[in-house]
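Below you'll find the structure, written out as C-alpha cells, and then a few comments.
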Amino acid sequence: MEQEVDVAVIGAGAMGATAALWLARGGMRTALIDRGEICREASGVNAGTLTLHMTRAALIPYAMKGRELWLDAQRWLGRDVGARSAPGFSLAFTEAEEEMLFKRADARSAMGAPIRIVTPEEVRAIEPGINPAVRAAAFCALDGHVTAYLTGRAYRAALTEAGVSLLEGHGVEGIEVSDAGYVIRPAGAPALRARRLVLAGGVWLETMLAWLGFHVRIKCLVNQLVVTERMRPVMRSVVGIANGLLSLKQFENGTVLIGGGWQGKGDPVRGGVEPIPDNLIGNIQLARHAIPALGETRVVRIWLGLESETADAMPMIGPLPGLAEAYVIGCVHSGYTSAPYMGHLLAERILGREPELPLFDPARLMKPAPAKLEETA
Ligand SMILES: Cc1cc2nc3c(=O)[nH]c(=O)nc-3n(C[C@H](O)[C@H](O)[C@H](O)COP(=O)(O)OP(=O)(O)OC[C@H]3O[C@@H](n4cnc5c(N)ncnc54)[C@H](O)[C@@H]3O)c2cc1C
C-alpha cells in the first residue's frame, strides 16, 4: 500500500539525515530513503576534520556553526560522535606556499575565522613534532575532528526517535511529478506519495536531478585516505599544508589519519573505486615531511570515498526552479564540517521559517531552465 508523507528525503548522508531530522522535529511526517545504509558513503568514510583552514572563505560562517554543532552533538543528536576540539595549523615550507598561506588566512579571517599567522618558534612551542624547516604557519584555535564512522549509528537512533520512516537498502530510480506532489517507488518497498521532496544524493545528485529534467554537471572527487597503526602521541593538533594537499591528525587510540584530497580512481555511475599508489605515497611522504616522527609507524589501511563539487565549487541548497516544494542539498566544500548546520538551514526554509544564513540557489547552475519545466511553470 502507498504510504503518504509530508516530505520525502532521498539520500541519507549527513545532509539528508540532518534535514530529515529537523523536518520531523518540526512536525512533518518524514521519510528518509537510501539505497544503502545511512551515512555509509562520503558521510561515513570522510576524514572527519572540522576545519576552517580548508573551508572556502565564503563558507566560513557556516563551517563555524557546523563545527559547534558537532562538538555539541550529545545535546541535539542525543549521541556522541567522537567530536573533539583541537587547534589547527596550515603550514608553509616553500616561498610559494608561504604566499598562498597569507592569502588564504587573510580571506578566511575576513569572513570571521579566528586564524592568525604565527612564527616557526610559536608553531614549535604549540606542536613540537612539526618539522623545524617550516617557514610560516597559520593557526586556528577552532579546528577539531569527529570519528566519521560513528555518524550513521548516531543519526539512525535520533531519526527513529523523531519518528522518521527510515528506508535503508531501497534505491530510487526515478520520481513521478503529479499535481498532489511526488510519487517515489523505492526498490523493494511500497510507493511513497510526498507533498515535498528533498534530493540529498551527494555525488549522485547529477543522476537524481536528471530524474526531474535538470542537467547539472557534478564533479566527482575520488579521495584517498590512509590510517597508520597505533603509535606514541606525536601530535595534538590538526595539521595541513597551505596548498591544501594534507590533512593530518592523531586520534586518542594512537592511530594517525592522513588525507588531503589525493585522488584515486572511481566512477559514481558504474560504481567501484581503485587507489592510485603513487598518490598514496605522495600523501604519506608529505605527512612525514610535516611530522617527521610518522617515520616510526606503518600504514595499516587505506580507503577511498566520493565527494561532490559543482562547477563554481559552491553548494546547491534550496528550492528547485519551476517545481512546487522540491529542494536539493549537497556539493558543500568541507561538507562534513558544515552538514549539521546546512541540513538545519534547509529544514528551516521548508518549514516556512527564515533561515539564519542565506541558502545557495541551485537555479544558478541550471540556466537555461529545462524545456519540460518551462512548460509547466
Ligand atoms: C574521503 C573523503 C574525505 C573527506 N574529508 C572531509 C573532512 O575531513 N572534513 C569535511 O568537512 N569534509 C570532508 N569530506 C566531504 C564530506 O564527507 C562530504 O561533503 C559530505 O559527507 C557529503 O554529505 P552528503 O550527505 O551530501 O553526501 P553522502 O554522504 O555521499 O550521501 C549521499 C547518499 O545518497 C544515497 N544515494 C545515492 N543515490 C541514491 C539513490 N538512487 N537512491 C537512494 N539513495 C541514494 C547514497 O547511498 C548516500 O548515502 C570528505 C569526503 C570524502 C569522500
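Each value in this text was obtained by applying a stated rule to the coordinates, not by laboratory testing. Not measured: the values here are computed from a predicted model. Cβ sites come from the backbone with ideal geometry, for glycine too, and all protein chains shown count toward neighbours.
Here are the numbers for the structure shown:
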quantity	calculated
Order by protection proxy (mean Cβ within 10 Å, highest first), peptides 251-257, 241-247	241-247, 251-257
Sequence-distant aspartates and glutamates (8 or more away, or on other chains) whose Cα lies within less than 17 Å of Lys249	Glu127, Asp143, Glu229, Glu296
log₁₀ of I(q)/I(0) at q = 0.09, 0.11 Å⁻¹ - the range 1-121, Debye sum with one point per alpha carbon	-0.38, -0.53
Packing-based order for 167-176, 23-32, using average beta carbon neighbours within 10 Å, highest first	23-32, 167-176
Computed over the range 64-109, the ratio Rg/Rh where both radii use C-alpha atoms and Rh is Kirkwood	1.21
Order by protection proxy (mean Cβ within 10 Å, highest first), peptides 324-335, 56-67	324-335, 56-67
Average projected area [Cα convex hull, the chain], square nanometres	18.3
Centroid-to-centroid separation of the range 186-221 and the range 1-49 [C-alpha atoms, Å]	12
Whole-angstrom gap from the range 322-340 to the range 81-133, using each part's C-alpha centre	29
Alpha-carbon spread of the range 232-377, three principal axes, descending order, Å	63, 35, 25
Inverse of mean 1/r across different Cα pairs in the range 86-191, Kirkwood, Å	18.4
DSSP-defined antiparallel bridges as percent of all bridges, the chain, nearest 5	70
